[in-house]
Every structure is written in structure tokens, then in C-alpha cells.
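Please find one structure pasted underneath; my questions will follow.
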Amino acid sequence: MRAQVAEFFGTFWLVLGGCGSAVLAAAFPDVGIGLLGVALAFGLTVLTMAFAIGHISGCHLNPAVTIGLWAGGRFGGDRVLSYILAQVLGGIAAGGVLYLIASGQAGFDLSAGFASNGYGEHSPGGYSLTAALICEIVMTMMFLIVILGATDPRAPAGFAPIAIGFCLTLIHLISIPVTNTSVNPARSTGVAIYVGDWATSQLWLFWVAPIAGALLGAVVYRYLGALTDD
């Protein structure tokens, strides 16, 4: 169970660090970190945890990544469900800690979103369901291609956490205005359950789209990897 416990704490750090930066620091008076800071925070959580627990669990931190690695032939199917459970629980625990911190400020209001993902009127930029679906699928697909490529035995050793962390940063820079960026069902669930209402009613998209994108990414990289073997 050490790998699953590592995934719990790794996902806890991702949600607390990434969503925490959005809730607590993004618009802080005068010195708010803004969109760039939030994007960097998400990337840094993955980069730091990849070095901390990559050798223990592989540092998936994301049900879509776990499914994508399984589809890509990099992860055994017997551990998929236990990894996903650990990741979701880690995300929910982080959401709870973040709620305890954020609610300590006068005027805190969950209806402001609590870094939840959304589409339509709950998209930061007012993007439609279709736009959100396409964005989440494509971003997760590219994330899996980078993960599979960076961790390929033929890739330069030791640099995978940097490539993966910066890839997640770039994904957030592109897609925060569209969906607040998920590409990770555990991240979405970890905060949505505290908001309830619209956040949980729209949560389905942030499970379906990242998993579909991860499966596509696995297919694409298996094809690319086979080409390099020829």
C-alpha cells in the first residue's frame, strides 16, 4: 500500500498547492499572483512530487494519467482502481484543508467557485460545454504524450519531472480561461464536492474529458514509439 499512500499525499499536495494558490493568492490585494502564478503553482506541485515520490508510486496524482499509463502499457491494470481511489481521497482531503484555511477569512464565500472547474456561465471566460470538452480532451491528450515521452527509457534520464511539471504549467496557461483547467478528475472532485450545486452537476465533464484525452494520448504515443523502434 506504500504506492497508494504516496499517491494520496502527492495528490493532496497538487490540489492544496494548485487550488490553494487560486483560492488564497490569485487575487490577493496588490500582490496577487494571477493566472501565471496559479499555472506555475500547479506545475510546481507535480515537479516537486515527481522527485519526492516518483520512485515510490510513479507520481501519477491523476486518475486520467493512471488510466493513460495503463492504456500505454506502462502500468498494471490490477492497481488502477486502488490508485484512483487514493488520488480522489487525497484531493478531497486537500479540499477540506483548503476550506478550513480559506473560511478563516471574513467574507469567504463558497459560491465564488473555490477553484472548481466549469463551463458555460461557470467558465471563467464564459466558454461553452463543447469548447470545454474539446479543450480538456486535447490538453489531457498532450499531457499524456509528454508524460509517456519524458518517461520513455530512450529519453534523457532524470529530466522527466521538469518536462512534466512545465507541461502542466503550459496547459494551465492555455486553459484556465476556458474551464479553470482540470485535466485531472481528482483535482476537480477535491474542490467540487465542497461547493456542491453547479460544481458537482458539471463534474461529469471533468471525468469524461480527461479520461478520453488520456486514452487518446496513449494511443498516439504507442504509435509514435513504435515508429522510433522501426
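Among 66, 48, which is the only one that is of a type in the set (Ser, Thr, Tyr), open to solvent by 50 Å² or more (accessible area, probe 1.4 Å) and in contact (Cβ under 8 Å) with a residue 12 or more places away in the chain?
Step by step, each of 66, 48 is checked, and only 48 is of a type in the set (Ser, Thr, Tyr), open to solvent by 50 Å² or more (accessible area, probe 1.4 Å) and in contact (Cβ under 8 Å) with a residue 12 or more places away in the chain.
With the checklist (1) closer than 17 Å to residue 141 by Cα; (2) buried (at least 24 other Cβ atoms within 10 Å of the Cβ) in hand, flag the one item residue 224 doesn't pass.
Going through (1) closer than 17 Å to residue 141 by Cα; (2) buried (at least 24 other Cβ atoms within 10 Å of the Cβ) one by one, residue 224 breaks only (2).
Here is a follow-up. Every residue in region 122-163 that is of a type in the set (D, E, K, R) and at pLDDT 95 or above, please.
Residue satisfying the conditions is 136 alone.
Residue-wise test of (1) over 12 Å from the mean Cα position of the chain (by Cα); (2) surrounded by fewer than 17 Cβ atoms within 10 Å (Cβ to Cβ); (3) touching a residue at least 60 places away in the same chain (Cβ under 8 Å).
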| site | (1), (2), (3) |
| --- | --- |
| 86 | yes, no, yes |
| 99 | yes, no, yes |
| 115 | yes, no, yes |
| 145 | yes, no, yes |
| 174 | yes, yes, no |
| 180 | no, no, yes |
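Matching residues to (1) among the basic types (Lys, Arg); (2) part of a helix (DSSP H, G or I); (3) closer than 16 Å to residue 110 by Cα:
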{"site": "158", "(1), (2), (3)": "no, no, no"}
{"site": "164", "(1), (2), (3)": "no, yes, no"}
{"site": "173", "(1), (2), (3)": "no, yes, no"}
{"site": "182", "(1), (2), (3)": "no, no, no"}
{"site": "193", "(1), (2), (3)": "no, yes, yes"}
{"site": "198", "(1), (2), (3)": "no, yes, yes"}
{"site": "210", "(1), (2), (3)": "no, yes, no"}
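May I pose another question? Looking only at region 1-43, which residues are of a type in the set (Phe, Trp, Tyr) and open to solvent by less than 70 Å² (accessible area, probe 1.4 Å)?
Within region 1-43, 8, 12, 42 qualify.
Which one of the conditions (1) more than 15 Å from the chain's Cα centre (by Cα); (2) modelled with pLDDT of 95 or more; (3) small (Gly, Ala, Ser) does residue 212 fail to meet, given that it meets all the rest?
Single failed check for residue 212: (1).
Could you figure out which of (1) open to solvent by less than 50 Å² (accessible area, probe 1.4 Å); (2) in contact (Cβ under 8 Å) with a residue 12 or more places away in the chain isn't true of residue 138?
Exception for residue 138: condition (1).
Hey, another quick one. Can you tell me how many residues within region 74-84 are surrounded by 13 or more Cβ atoms within 10 Å (Cβ to Cβ), free of Cβ contacts under 8 Å to residues at least 24 places away in the same chain and part of a loop (DSSP other than H, G, I, E, B)?
Looking only at that region, the number is 1.
Look at residue 187 and say whether it is modelled with pLDDT under 95 and among the charged types (D, E, K, R).
no
Which residue out of 131, 157 is more than 30 Å from residue 4 (Cβ to Cβ) and either open to solvent by less than 10 Å² (accessible area, probe 1.4 Å) or over 16 Å from the mean Cα position of the chain (by Cα) (or both)?
Result: 131 is the single residue among 131, 157 that is more than 30 Å from residue 4 (Cβ to Cβ) and either open to solvent by less than 10 Å² (accessible area, probe 1.4 Å) or over 16 Å from the mean Cα position of the chain (by Cα) (or both).
The values are calculated or read from the model by the stated rules, or taken from the named source; none is laboratory data. Keep in mind that what you see is a predicted model, and the values were worked out from it rather than measured. Ideal geometry is used to build each Cβ from the backbone, glycine not excepted, and the neighbour counts take in all protein chains shown. Ligands, DNA and RNA are stripped out before the accessible areas are found, and what is left, the full protein with its side chains, is counted by its heavy atoms. Shrake-Rupley method; radii C 1.70, N 1.55, O 1.52, S 1.80 Å.
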